[in-house]
1. Looking only at residues in the range 8-26 that are surrounded by fewer than 13 Cβ atoms within 10 Å (Cβ to Cβ) and either hydrophobic (A, V, I, L, M, F, W, C) or in a strand (DSSP E or B) (or both), which one is nearest to the chain's Cα centre (by Cα)?
2. In the range 1-26, which residues are of a type outside the set (A, V, I, L, M) and over 20 Å from residue 51 (Cβ atoms)?
3. Could we say that residue 5 is touching a helix residue (DSSP H, G or I) at 6+ places or on another chain (Cβ under 6 Å) and either small (Gly, Ala, Ser) or assigned to a loop (DSSP other than H, G, I, E, B) (or both) here?
4. Within the range 27-40, track down each residue that is in a helix (DSSP H, G or I) and over 18 Å from residue 52 (Cβ atoms).
5. Only residues that are in a loop (DSSP other than H, G, I, E, B) and more than 11 Å from the chain's Cα centre (by Cα): list them for the range 41-55, please.
6. Would you pick out the residues in the range 27-38 that are buried (at least 17 other Cβ atoms within 10 Å of the Cβ) and touching a strand residue (DSSP E or B) at 6+ places or on another chain (Cβ under 7 Å)?
Amino acid sequence: MGVEAVKSRGGTVIAQDPETAEFGGMPEAAVGTGAVDFVLPLEEIPAVIRGLVDR
């Protein structure tokens with residue numbers, strides 16, 4: 001399971017930028033799968049989610 005499962009079912013995957021995360025290991029692992037659609041600083045994630053919902 002994880003990000004690859006989300007992508008395989010048509011989902012959108014957003015990961016926090018590992019450089020801005022307090023603990024970068026989890027977002028780095030997600031990005032490393034190649035299945036992440038957006039890699040963003042935490043403060044930008046809500047706006048992207050709103051944009052996706054409004055589509």
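Every number in this text was worked out from the coordinates using simple rules, so none of it is lab data. The structure presented is a predicted model; accordingly, all values stated were derived computationally and were not measured. Virtual Cβ from ideal backbone geometry, glycine too; neighbours counted across all protein chains shown.
1. 26
2. Listed by number, the residues that qualify are 2, 4, 8, 9, 18, 19, 22, 23, 24, 25.
3. No, not satisfied.
4. Of everything in the range 27-40, those that are in a helix (DSSP H, G or I) and over 18 Å from residue 52 (Cβ atoms) turn out to be 27, 28, 29, 31, 32.
5. So in the range 41-55, the residues in a loop (DSSP other than H, G, I, E, B) come out as 41, 55.
Across the range 41-55, the qualifying residue is only 55.
6. Residues satisfying the conditions are 27, 30, 31, 36.
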